[in-house]
Amino acid sequence: MTGQHRGRLRSLLREGTTAFGTAIALPHPFGVEQVAKSGFDWVFIDLQHGLATYRDLPEMCMVLRTHQVTPLVRVPFGDNSGAQRALDAGAEGIIFPYIESSADAHAAAISCRYPPEGIRSFGPYRAPYGADLAAANDDLLCLVMIESVGGLEKADEITRTPGVDGVFVGPNDLSISMGTGPIMANLYSIDGAETKIPEAFTEALRTIVQVSKGNGKFSGIQVGSGAAVAGAQECGFDYIGMGGDTAFMQSGGEAELARARATGAGRE
């Protein structure tokens, strides 16, 4: 790993630069390479909802880091031991789903770092920092997901937890928890359709950002497309994920097919 790339996402966040990323659900290295070549600052490999397994992680992380893209891994709910394995495989940060208390956040944070800051066991087979324990503790990112009313209500204590570097909002689950159903338009749409977002939801996002910044932590969110990024930036998010590999394949195919049909070459 080159010195230039070491801790790249954290460096961008410290500089106050909005860092853009996306999600990967498909584990094939060729697909990962195509995403990496698109120019994103970071990519999260989704072990919670995607098709990748631990066996896929070392090669996926290697491909991303070769293209100077920071690999993050979202582990399944409650899988703190999986977080350690993901870091050993080459991840530079972990996204922990469904955090609702300081106890949840503490358990996540200590699983990421070597003693005395945490309880991570030493076995960095493809980890970017090898035996440099201090660099590993300093540069990795522990990102906890606020995606429920419970997490929203405890946002202050969650973001005050030592070892937590930032929050990552799951907009669909947060909206469902608030009783308004999944946010599948505007904030979280592929085509950027203009659909009204409930004001209470927007206020929730602003609250999370404000509380996170007040406690010196970064705040991020996943949206559906580049067109939806402006709203997330207006709320003040530091890092923003958009779309994902499967979404890009579908939306790209739909767009090209629409262009083809618009030329009059469609079905007779």
Given unit charges at Cβ for Lys, Arg (+) and Asp, Glu (-), the dipole magnitude of the chain about its Cα centre in debye, nearest 20, is 440
Per the C-alpha gyration tensor (a ≥ b ≥ c, the square roots of its eigenvalues), the chain is rounded if a/c is under 1.5, else prolate if a/b beats b/c, else oblate; here it's oblate
Excluding near-sequence neighbours (fewer than 8 apart on one chain), the chain holds lysine pairs with C-alpha atoms under 28 Å apart numbering 4
Restricting to Cα pairs under 8 Å and 6 or more apart, the percent relative contact order of the chain works out to 17
Between residue 219 and residues 5 or more places away or on another chain, the pairs with built amide H atoms under 5 Å apart involve 167, 238, 239
Any residue on another chain or 5+ positions along whose placed amide H is under 5 Å from the amide H of residue 93 is listed here as 73, 141
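With r defined as the distance between the Cβ atoms of residue 119 and residue 215 and R0 fixed at 22 Å, what FRET efficiency is calculated, to the nearest 0.05?
Calculated transfer efficiency: 0.45.
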With Cα springs under 10 Å, the Gaussian network model of the chain assigns the largest mean-square fluctuation among 169, 73, 229 to 229
Taking chymotrypsin sites (Phe, Trp or Tyr not before Pro) in a DSSP loop with at most 11 other Cβ atoms within 10 angstrom as exposed, one finds the longest site-free stretch of the chain at 126-268
Exposed trypsin sites (Lys or Arg not before Pro) being those in a DSSP loop with at most 11 other Cβ atoms within 10 Å, the longest stretch of the chain free of them is 38-195
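Where a number appears in this text, it was derived from the coordinates with a stated rule and is not lab data. Treat the numbers as computed from the prediction; the structure is a model and nothing was measured. Using ideal geometry, Cβ is built from the backbone for each residue, glycine included, and neighbour counts are taken over all protein chains shown.
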